[in-house]
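This report refers to the structure that appears directly beneath it.
The values are calculated or read from the model by the stated rules, or taken from the named source; none is laboratory data. Predicted, not measured: the structure shown is a model, and the values here were computed from it. Reconstructed Cβ throughout: ideal geometry from the backbone, glycine too, with neighbour counts over all protein chains shown. Just so you know, the surface numbers come from the protein's heavy atoms only, side chains and all, with ligands and any DNA or RNA stripped out. Shrake-Rupley method; radii C 1.70, N 1.55, O 1.52, S 1.80 Å.
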Amino acid sequence: MEYLPSLQQEFDESKPSLFELLAEQQLSGLLPPSIRYLLAVATHRHPRYLLRILNSYDEIYALLSLVVERYYLRTFGGSFTENFYSLKRERVLRTKDGEIPRAQIGASVPVRDALKLRSTDVWKNLLVMVSIPYLKRKLDEGYDIHAAPQASLVMGGGPRYNPSDDLPHNPSIRQRIFHYYKWFLRNIYPSVNAAFYFSVLAFNLAYLFDNTKYSSPFLWLIKTRIRRLGAADHRAIAAVLNSKPTIGGRPSQRPGSGLLGLLSPQNLNRQLLTPLRYFLPASIFALKFLEWWHASDFSRQLTRKSTEVLDLPAPVVSGLTNPAERRKSSQDEKETKTTTDLKSALKPSRRNQPPISAISYLPIFTVPLPPADTSSANMCPVCLNTLVNPTACQTGYVFCYVCIFHWLNGEHQRQLDFMDGDAAGAPWEEEIAGDDEEMERTDSNAEDKKSHKRGGKWESGKGRCPVTGRRVLGGTEGLRRVLV
């Protein structure tokens, strides 16, 4: 496809094809998730030191990307991944069609210096390369959290109104900003996101058929285009990387050229950032190879074939047991087993324990499942009645819509009764009843303690699944209707 424009006009050797640019963009898009995956694996081993870094990964990655991309733009004329594909960025001249082919052939070095990015152009490109992808990642993450559950619920025919979306009576500035932020994500951001992708597609098609010099709308805004590195560019880059101050043909020994010279910003940038052009692509290739290795059947076949050729030695018999001793040992084992079974039968059965919250370390109020028979197949575990408007929770259990809605809001009557002192309906109600009976025997004021509320000692299960006690993401917005 890159030869298609040559049928209409002279072929431009310095113009990269669209497929080169797409490959560069794909490599650039693989860097953030690859580094995040490596950081997540390392965090499992050292959570004390790396957990905060993982939680603020987007901000830290944007800061490091700003440093790395600024170095590569100033040294090599392009971003990190563009330099890997021998591409660069240059300014567009205000001439007819922005091209000076004769000057590029006869005076390549002066033309390169004229088209080189200035300091303002470098910061404009950093805005496009770092700030816009960071903003896009944060908006996509916010949409998945605050807008996507509600959108899927509305498309599925669920409720459209959620009381938690309304502003409180006297909202603070932070509450107002967060309210308008969610409103923007739910009403405006889908259109903005669609316009973004449509504009990128339009510029890609125009660039493919040589109708524009810009492959992206953001490059058109900052008047910068992507070109291939030429011979003059390679000579200039080699001169920068191998430059050493000389006096009379010999290396100069200026003050600070020893250990302090090695610690200078220029030497640190050269020693730390330049090897990244080889290390990061190699790490991406290694991750892709490991992903293929674990996903394919090749590794299992290789392991099976390697074990087939193993010549295992025969087992070594240390000695034979006398048949009389064998019968005696079997009788002793039977007697021991009978005694153990009798003790276990006399031992009281272990009661079910309620789930414990990982945040407050308090037991969570849950309800048991109905008995597994045909009559209770369509029974709600909360109200113990036939399901009305069946609604599935994220844990897979089905409840009445009214029951699960009030339960997640902490307003169900069964929750209120339990928190007021009534233990009926809990899978561990026998244990609570036993504790109350013991309290009656040991305390003369047991009536007051039995009616004492359980606030601060138990969690009512608000925002959690009534059966498992697991937290439901999105609250009532994460519910799904079940079509029978």
| task | Report, largest value first, the span of the C-alpha coordinates of the stretch 163-223 along each principal axis, in whole Å. | result | 58, 22, 8
| At a Förster radius of 30 Å, what calculated FRET efficiency corresponds to the Cβ-Cβ distance of Ala194 and Arg481, to the nearest 0.05? | 0.60
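What's the Cα-based Rg to Rh of the stretch 14-79, Rh via Kirkwood?
Details: Rg = 15.3 Å, Rh = 13.8 Å.
Rg/Rh for the stretch 14-79 comes to 1.11.
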| Cβ-based net charge around Gly469, under 13 Å, with every Lys or Arg adding one and every Asp or Glu removing one | +3
| task | Report Val382's accessible area, 1.4 Å probe, all protein chains in place, as a number in Å² to the nearest 10. | result | 10 Å²
| Say each of Asp113 and Tyr37 gets a label point 7 Å from the Cα, pointing the same way as Cα to Cβ; how far apart are those two points in nm? | 4.6 nm
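Kindly flag which residue pairs out of Lys116/Lys136; Lys15/Lys223; Lys88/Lys223 have an alpha-carbon separation exceeding 19 Å in this structure. Before the final figure, lay out each step's value.
Details: Lys116/Lys136 29 Å; Lys15/Lys223 16 Å; Lys88/Lys223 14 Å.
The pairs that break the limit, which is 19 Å between Cα atoms, are Lys116/Lys136.
If we sort 383-393, 187-197 on the protection proxy, mean other Cβ atoms within 10 Å, highest first, what's the order? It would help to have the intermediate numbers written out before the result.
Values: 383-393: 16.0, 187-197: 11.5.
Those peptides, ordered most packed to least, come out 383-393, 187-197.
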| task | Can you send over the solvent-accessible area of Phe218, 1.4 Å probe, protein chains only, in Å² to the nearest 10? | result | 50 Å²
